[in-house]
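Below is one structure, written out as structure tokens, with a few remarks after it.
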Amino acid sequence: MEQEKRMAGDYEVYQALPIGRVEVVLGIDITNTEKPYLVCYCSQNNLFGIDQYYGAEGYEDYLVAMQEFTKLLQWEIEKLQTERATITEPMPPIQPDQCLPIKSDDDLGGRIVVTRLDWLRPEFRTADHQLIWVTGGFGASGELTWAGGLCGNPLFRR
């Protein structure tokens, strides 16, 4: 069975690199004779996890499109570096042996939980991104908790 192609409008997604809170996308539409290359952002910060493309710009030359693609990546890296620079204390990742296990009868509402490192993108694997305040809702009890983060945290890796 052939895998479905990921599309951004009429453009097939050729490259997509997640960085920070977005994905930088390069798409190609070989039927578009004027601007066959597309560079844009993609995010899925919505209820249904649907790709939302924005900031799209078409290009006629592949190398120019790749320059723009790398420029957007660089901007996202700079945003992350700026964010990290505001944290004055070291924030090494919280390891499982530093945590108390969640029991099935625990009520997590109003408590802080720690997200597992492997659920976060590499650029967010620091303590400040692992800690989540549980306000309640589905999964706020120990027996139903599958994510460790119940706030719809967009930093989870899929």
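The values are calculated or read from the model by the stated rules, or taken from the named source; none is laboratory data. Everything quoted here is computed from the prediction, not taken from an experiment. Quick reminder, even Gly has a Cβ in these numbers, built from the backbone with ideal geometry, and neighbours come from all protein chains shown. Surface accessibility is based on the protein's heavy atoms, side chains included, excluding ligands, DNA and RNA. Shrake-Rupley method; radii C 1.70, N 1.55, O 1.52, S 1.80 Å.
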> Which value, in debye to the nearest 20, describes the size of the charge dipole of the chain about its Cα centre when Lys and Arg Cβ atoms bear +1, Asp and Glu Cβ atoms bear -1, and nothing else is charged?
Replying inline: 440
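Could you order 82, 31 by accessible surface area, starting with the largest, using a probe radius of 1.4 Å?
Order by accessible area, largest first: 31, 82.
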> Leaving out ligands, DNA and RNA, what percent of the accessible area of region 1-87 is carbon and sulfur, probe 1.4 Å?
Replying inline: 53
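List nothing, just return the count: lysine pairs in region 1-122, 8 or more apart or interchain, with Cα separation under 30 Å.
On the way: 5/35; 5/71; 35/71; 35/79; 71/79.
Qualifying lysine pairs in region 1-122: 5.
Once the Cα gyration tensor of region 1-76 is found, what semi-axes does its equivalent ellipsoid get, as square roots of 5 times the eigenvalues, in whole Å, sorted largest first?
Values: eigenvalues 76, 58, 20 Å².
That gives 19, 17, 10 Å for the three semi-axes.
Taking a quarter of the surface of the convex hull around the Cα atoms of the chain, what do you get in nm²? Don't skip to the answer; put the middle values down first.
Working: hull surface 49.2 nm².
Mean shadow area of the hull around the Cα atoms is 12.3 nm².
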> Which is farthest toward the positive dipole end of the chain among 16, 64, 93, measuring Cα position about the Cα centre, with Cβ charges +1 (Lys, Arg) and -1 (Asp, Glu)?
Replying inline: 93
> By how many degrees, between 0 and 90 and to the nearest 10, does the Cα long axis of helix 62-85 differ from the longest principal axis of the chain?
Replying inline: 20
> Any idea what Rg and Dmax come out to for region 83-131 if you just take the C-alpha atoms, in Å?
Replying inline: 12.5, 40
> So how much accessible area does residue 5 have, in Å² to the nearest 10, using a 1.4 Å probe?
Replying inline: 120
>> Per residue, how much accessible surface does region 18-120 expose to a 1.4 Å probe? Answer in Å², no decimals.
In response: 67
